[in-house]
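What follows is a single structure, written as structure tokens, with notes after it.
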Ligand SMILES: CC(C)(COP(=O)(O)OP(=O)(O)OC[C@H]1O[C@@H](n2cnc3c(N)ncnc32)[C@H](O)[C@@H]1OP(=O)(O)O)[C@@H](O)C(=O)NCCC(=O)NCCS
């Protein structure tokens, strides 16, 4: 067993990621989440966003439940898959929620869904499958909170690289991932159903500090 240092002490993880590990890391982080999110925050009712000069209201990050699937699917259709057909419908999102090697998380604020992210894990790699924040809730740190949660989980579980694909034209997402330390790996010609170019970006967790 290897030891990973987290804010609250040491958490023991096996050398190789496996099914039980994902469950353990996920539940561990769920119970520790408030401490991680609020550790730099003087007022626990507000989240300190390091790239903003003002304290911002936090989003609540939780694991998605089956009842969330229809809303996540609709967000994917409207804000991610537009112009490409609708692949991630309710049934596919339900499969992801039930899959032991996948984390589906949501961001809530004032009892309404603001965003979601889906990450799958295989060996030492994690892949960000789908990710969106509703237009009204953008640029307020929800996307950062979602991805930081997934990155923290991946780190605890011993993942070395996080990858994501995005449309080449999606410069906002490119900036977003860059702001979190992702770098472009390669261009993907006609990647999106043969009609749109894409690119792959990656975050190397072995070189990440903090
Ligand atoms: C990409 C997306 C999830 C970002 O969510 P968000 O909650 O707005 O992101 P954050 O508020 O945490 O932004 C973090 C940083 O990302 C960058 N960023 C976010 N939106 C940006 C924009 N419109 N223009 C330039 N940079 C932007 C900035 O560096 C920002 O930090 P700052 O606000 O301190 O400048 C959101 O724009 C979205 O849902 N887009 C449509 C779906 C999509 O493209 N998904 C990704 C597909 S791979």
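A short reminder: the numbers here are calculations on the coordinates, not readings from a lab. Keep in mind that what you see is a predicted model, and the values were worked out from it rather than measured. Cβ coordinates were reconstructed from backbone atoms using ideal geometry, including for glycine residues, and neighbour counts include every protein chain displayed.
What pairs come up if the first residue lies in region 160-184 and is closer than 15 Å to residue 119 by Cβ, the second is more than 6 Å from the ligand (Cβ to nearest atom) and part of a loop (DSSP other than H, G, I, E, B), and their beta carbons are under 6 Å apart, counting only those six or more places apart or on different chains?
Close Cβ pairs (under 6 Å, with a partner that is more than 6 Å from the ligand (Cβ to nearest atom) and part of a loop (DSSP other than H, G, I, E, B)) amount to 160/124.
Filter region 192-210 down to the residues that are part of a strand (DSSP E or B) and away from the ligand (no atom under 12 Å from the Cβ) and list them by number.
196, 197, 202, 203, 204
Being within 11 Å of the ligand (Cβ to nearest atom) and surrounded by fewer than 22 Cβ atoms within 10 Å (Cβ to Cβ) narrows it down to one of 169, 117, 100, 142, so name that one.
169
Can you pull out the residues in region 120-139 that are in a strand (DSSP E or B), out of contact with any helix residue (DSSP H, G or I) (no Cβ under 9 Å at 6 or more places or on another chain) and within 13 Å of the ligand (Cβ to nearest atom)?
Within region 120-139, 127 is the sole residue that qualifies.
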